[in-house]
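Only one structure is covered here, and it is reproduced in the block below.
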Amino acid sequence: MNLSSRSASMALAYQLFLYRKPLHPEIMQLKGRKVLSHGRYDLEAWISAGGHMLRFRHGSFSCCELLTDQDDRLPVDGAVTGFPCSGEHEFEHRFGAEKVVYTTSIQTENLSENLYRSTYDEMLDYARQTEALTHKWADDQGRRCLSLLDLQRLSKEVHCQGYHLVAGTGLVLRTQTIFQHV
């Protein structure tokens, strides 16, 4: 299998799910956590090696975004949607009665080894500057990988930028998610 075929299959292994309920973080191996609160909303973010979960709460309503490469043991109850993280994808969902809008954009790239190393170093610098939630990890060959979440709190919305860098295939998976209460 050539690098581009392996990279495509690696990207297809990643999936993003939106749930209309809170999920318990035990479904993933957690490596970090961060909480943002403002007025009537809270965002709780968890990071793992190559994945993340975001739980947004507004009043009594909760929804979750889960980005994972797992394909089993995932809850189906409360799932609004799920799709593979390959190429570029945008999605918006309005939780009407709860007055919450969820928007996400996903982009994947496959980089050469040199470009991957330079992107890895740039992302580490970015994480330090923004105080992002990070987890450095190694793949099964000992190559440097990185997951990070950069969270920005605004008055009626929260922005979450996720980056997952997987060295073996040069995969860079980027998510940009907005939870907004209207």
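Any read-out appearing in this document is the output of simple, stated calculations on the displayed coordinates, not a laboratory observation. Small disclaimer: the values here were computed from a predicted structure and weren't measured. So basically every Cβ, Gly included, is an ideal-geometry build from the backbone, and we count neighbours across all protein chains shown.
Below, the figures for the structure above:
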read-out	value
Residues satisfying the stated conditions in region 69-85, i.e. surrounded by 14 or more Cβ atoms within 10 Å (Cβ to Cβ) and among the polar types (S, T, N, Q)	Gln70
Only listed residue being farther than 27 Å from His58 by Cα and under 17 Å from the mean Cα position of the chain (by Cα), chosen from Thr175, Thr108	Thr108
Every pair of residues 6+ apart whose Cβ atoms lie under 8 Å, when the first sits in region 158-172 and is under 14 Å from Tyr126 (Cα atoms) while the second is assigned to a loop (DSSP other than H, G, I, E, B)	His164/Tyr14; His164/Gly50
Subset of region 126-142 that is more than 20 Å from Leu30 (Cα to Cα) and in contact (Cβ under 8 Å) with a residue 24 or more places away in the chain - its residue that is surrounded by the fewest Cβ atoms within 10 Å (Cβ to Cβ)	Gln141
Hits in region 138-165 (condition: of a type in the set (A, V, I, L, M, F, W, C) and under 19 Å from Ser118 (Cβ atoms))	Ala138, Cys145, Leu146, Leu148, Leu165
Positions within region 136-182 being β-branched (Val, Ile, Thr) and out of contact with any Phe, Trp or Tyr (no Cβ under 6 Å at 6 or more places or on another chain), in sequence order	Val166, Thr169, Val172, Thr175, Thr177, Ile178, Val182
Condition check for Arg153: closer than 13 Å to Gly50 by Cα and touching a residue at least 60 places away in the same chain (Cβ under 8 Å)	no
Answer residue from region 38-61, given it is among the aliphatic types (A, V, I, L, M) and out of contact with any Phe, Trp or Tyr (no Cβ under 6 Å at 6 or more places or on another chain) and is surrounded by the fewest Cβ atoms within 10 Å (Cβ to Cβ) among those	Ala45
Residue within region 161-169 that is of a type outside the set (A, V, I, L, M) and over 15 Å from the mean Cα position of the chain (by Cα) present	yes
Subset of region 10-51 [in a helix (DSSP H, G or I) and more than 20 Å from Cys145 (Cβ to Cβ)]	Pro25, Glu26, Ile27
